[in-house]
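Every number in this text was worked out from the coordinates using simple rules, so none of it is lab data. It should be emphasised that the depicted structure is a prediction, and the values quoted were computed from it without experimental measurement. Cβ coordinates were reconstructed from backbone atoms using ideal geometry, including for glycine residues, and neighbour counts include every protein chain displayed.
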C-alpha cells in the first residue's frame, strides 16, 4: 500500500491544489501512470502514481488546496475493499464550495524555510532557544485541528503563535492572518509581517504563499466605502479567517472592509483568481515594491539578422523541427553582454550583492491565463542553435504545462518578448530577484539615415527595466549598447553553422 | 588623558570652593560636579537648605561632592555628624518638620539601611498622618562596578520605591542629576536621591547653568530613538544600554533606550508609548532581578501594553546574590554590553 502525498514542487512551494483526479476510486493503476493533476505557484503538472495497484481511496477532493506532504490518496492492493466500507468510515472532503472550514487533520508539512529574524540576522542563529511565552497560548497549534475556524496553515512550527500585537493589528486592519506569511523564527507571524500585509493589502510579500485570495487583495488600509468584495468560501483557501474571532464591538468605526460575500451587479461576473493569477499578482506587486525601477531604451538595426533568418528559416525548420525566431539571437547577444557586465546579472540579497559566473536566462512565455518564466540554465555556454533548441523546448512545454519545478526558478536575468504581439516598446516589471529585465519588441521597417542617405531598415526597440539599487544609468546604457553591437555586428552565420 | 579630562578629574576630586570652577573650559560637568552645583545653587538660593552627614564638612565628603561647602556656608549649614545614620535621618526628619530643608548624605547608599525606620516609617508616612510636609532629601552613592564589594555596591532603590510617600530618583546623566536634585530640594516631599558612583567621574556633558534649571520628577526620557526593541532602564545601565544599542545598530537592530530617571513616581506613559512603538521590551536594571525595579516595569508593560506586545517582556538584571568582591565575579554579576546584546538577540529572535 502506498500513500500519495502532495509533492513538493520546488523548494519554495508550500501547498498545491488538486485540479483533477485522473483515476476514480477502485480503478487499477500502474506505477508512474498519471494519477492526478495539480496546480501550484510554480507549475501545473500531472503527478504519477507512486505504486501499482488499485486507487483505494481519495482523501482530498478536486479543487482543494492543501499543504505539501498532505496525504491525498491511498493506492493499495485492492483487497481492503476499496470504496464502500472505508469511505463510509472516513469523512470525505466536502465539495470545494462547502469546504472552507472543514479541514481534515492535516499532517504537519515540512517546516517552511525559516526566514531570518526581522531584527538582525544574527539573532536567530546565536540564540536558538527562544524563551517560554507566558503571554501567548502555544496551544493554538495544538487544538488547531478541532478549531477549524481558527486554523492557520502549517507554515512552520511556530506559525500558529499569534502575539497580542499581531492579533490586535489583524483585527483593527481586518488582516486575514491565514494569508500572512510569518518571517519570524519557526514561521511566527511578527508585528512586522502584519504591518507588511496591511501595507500591501494582504498579499504575501514574496507571493510564495498561495494564500492571497484575489478579490480581497485590495489594500486593507484603503477601507474605502465601495465595499471590496470578499471571496466566497473559496476552494483555494481551505483555512478560515483567524482575524475574526473577536466579535466586532458595536462602537467600532465602520471603516473596515465588510465581511459580506461577493456582491456582483447584474452586468458583472465574479471570477475567483486562479492559482497562477494570484502568484503573478504577488510576484509583480512584490517586485514593484522592492526594486527601484528605472528604464532605458536603445534602437537596434536588425537588418542583417532579418535577412539571415529569411535565408535560413526553411532549412532550419526542416532540420530542427521548429521555427527559428528572433529570441535566440537576442538571448545570445544578451548572455554575452551579461558576462561582461556582471552587475546586470547580479542579485541584491540583503546587504550583499551576489555576482554570478553563469547566466540563467528567464524567458517570459505567455500561457493560458497568465505567463510563466522558464529558465535556460547556463545559457552563456550555448551557441545560437543550442539556445534556439532550449528556448523552443521550454516554451513548448510551458504551454503544455509540462515544466518541472526547478525549470521555473533560479534565473539571473530575464527577457520578455511582447513584440510578437505588436508592441513597439514596453516597460516590463523586473522578475525578482533579478536586477533587470530586457524587453524585445516588434521588428519593423523604418526609414533611417545610413551614410547620409535615407534607407529602409528593419529596426527594433530594445529596452530594459533595471534596478537602480544595483545598476546605474551609465552601466545600463553601456550594457544595452553592447547587446545592440552584438546584434548588429556578429557573424551569425558561423553560429548557425555549428548547430 | 587630555588636558580637559585632567581638569575634570582634578575638579571632581574637589579642588577649589566654586563648583562652577570644576567644569571643563567647554562647560562640561561630570555627574559629581553637576550634583555639587545643584546643592551649591540651592543653598545660595534658600537659606533653609542645609547639609548633614558623615565627613561632608571638613573632609569634603567621601567622594568630595561637598568639598569647599563648609568654607562657604559655615558649620551650621554643613554639619559633620557622628557615624550613625539613624541619627542623621532623625535629625533630617525633625528639622524638616520644623520647616528646614535638609539634605542628608549617606556615605554609601548601602548604609541607608541603618536609617531605614526613620525613612520608611516616619518620613514616608508623616504627611499622610499629620498633614505636615517633610521637605527633605537623602542622597547617597549607590551601585556597583567599582570593585567595592557587597557593603559598598548595592542598589537600595527598590526598598524605598516600595514605600508610599517617598520619591526615589536615579539619574544617569550630569544634567539630569543636577536638574532632578534641584527639583528634589524644592519638593515638599521626602526624596531619596541615588547617585551612581560608577557614573560620578566617568560621564560628563554640557550641563545647563541657569539657576532655575530643573528636571521634573516623575518624567522618563527617551535617550535614544529606535524602532525594533525598547530597553527600559535607569542609572549606570543606561550607559551600558546606549553602548549596546550602538553596537546593535551595526547589526541592523534599531534599539530605543528609555531612561527612567525617576523610579517613583514611575513615568508609565513614556514607557508604554515606547512599547507601543516597538512591541518588544527588555527591562534592564542593576538592582536584584527578584522584585527589583524592573520587575514592576515589566509587570506594568505586561498589564497595560499587552495588546502591543510581539514578544514576552524580558528582564536582564543581576541575580539574587550579594554583589561579589572578586572582579571576575562582579563582572559576571552585572549586566554588561555583551549580555544586553545577547538579550536583545534573544528577544529579536522570539
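Using 7 Å Cα-to-Cβ label points, what is the residue B:290/residue B:45 separation (nm, one decimal)?
Roughly 4.3 nm, to one decimal.
Once the Cα atoms of helix B:236-250 and of chain B are each reduced to a long axis, what angle between those two axes, in degrees from 0 to 90 to the nearest 10, is obtained?
Approximately 30 degrees, to the nearest ten.
If I model a spin label at residue A:319 and residue A:292 as a point 7 Å from the Cα along the Cα→Cβ vector, what separation in nanometres do I get?
4.7
Let me make sure I get this right: for segment B:22-108, a, b and c are the square roots of the gyration tensor eigenvalues over alpha carbons, sorted descending. Under 1.5 in a/c it's rounded, otherwise prolate if a/b > b/c, else oblate. Which is it?
Prolate, since a/c reaches 1.5 and a/b exceeds b/c.
Want the number for residue A:393 to residue A:32: 0.36 nm per residue separation, take away the alpha-carbon distance, what's left?
Residue separation times 0.36 nm, minus the Cα-Cα distance, leaves 127.7 nm.
Full-extension gain between residue A:77 and residue A:336, please, as 0.36 nm times their residue separation minus the C-alpha to C-alpha distance.
Separation in residues times 0.36 nm, less the Cα-Cα distance, equals 87.7 nm.
Give me the angle, in degrees from 0 to 90, between the Cα long axis of helix B:268-278 and the longest principal axis of the Cα atoms of chain B, rounded to the nearest 10.
That works out to roughly 30 degrees.
Residue A:481 versus residue A:404, label points 7 Å from Cα toward the beta carbon: distance in nm?
A separation of 4.2 nm, rounded to one decimal place.
Could you state the number of Å between the C-alpha centres of segment B:207-230 and segment A:154-186?
Using only Cα atoms to place each centre, the spacing works out to 36 Å.
Roughly how many whole Å is it from the C-alpha centroid of segment A:291-324 to that of segment A:395-438?
When both Cα centres are located, 16 Å separates them.
Give the separation of the Cα centroids, segment B:266-310 to segment B:56-75, in Å.
40
Can you tell me how much longer the chain between residue A:268 and residue A:450 gets when fully stretched, taken as 0.36 nm per residue apart minus their C-alpha distance, in nm with one decimal?
The span from residue A:268 to residue A:450 would gain 60.1 nm if fully extended.
Based on the mean of other beta carbon atoms within 10 Å per residue, what is the order of B:253-265, B:292-304, most packed first?
Result, highest mean first: B:253-265, B:292-304.
Give the share of C-alpha pairs in each 10 angstrom bin for chain B, from 0 to the last occupied bin, in whole percents, shortest bins first.
6, 26, 34, 24, 9, 1
Against the longest alpha carbon principal axis of chain B, how many degrees, from 0 to 90 and to the nearest 10, is the axis of helix B:85-97 turned?
Relative to chain B, helix B:85-97 is tipped by roughly 80 degrees.
Once R0 is set to 51 Å, what does the formula 1/(1 + (r/R0)^6) return for the Cβ-Cβ distance between residue A:1 and residue A:195, expressed as a FRET efficiency to the nearest 0.05?
The value I calculate is 0.60.
Rounded, prolate or oblate: which one fits segment B:142-299, using the alpha carbon gyration tensor with axes a ≥ b ≥ c (rounded when a/c is under 1.5, else prolate when a/b beats b/c, else oblate)?
rounded
Of the peptides A:377-389, B:180-192, B:227-239, how do they stack up when ordered by the mean number of other Cβ atoms within 10 Å, highest first?
Put in order of decreasing packing, that is B:227-239, B:180-192, A:377-389.
Show me A:347-360, A:427-440 ranked by packing, highest mean number of other Cβ atoms within 10 Å first.
So the order, starting with the most tightly packed, is A:427-440, A:347-360.
Would you please classify the overall shape of segment A:418-490 from the alpha carbon gyration tensor, given that a ≥ b ≥ c denote the square roots of the eigenvalues, rounded means a/c under 1.5, and beyond that prolate means a/b larger than b/c while oblate covers the rest?
Cα axes put segment A:418-490 in the oblate bin.
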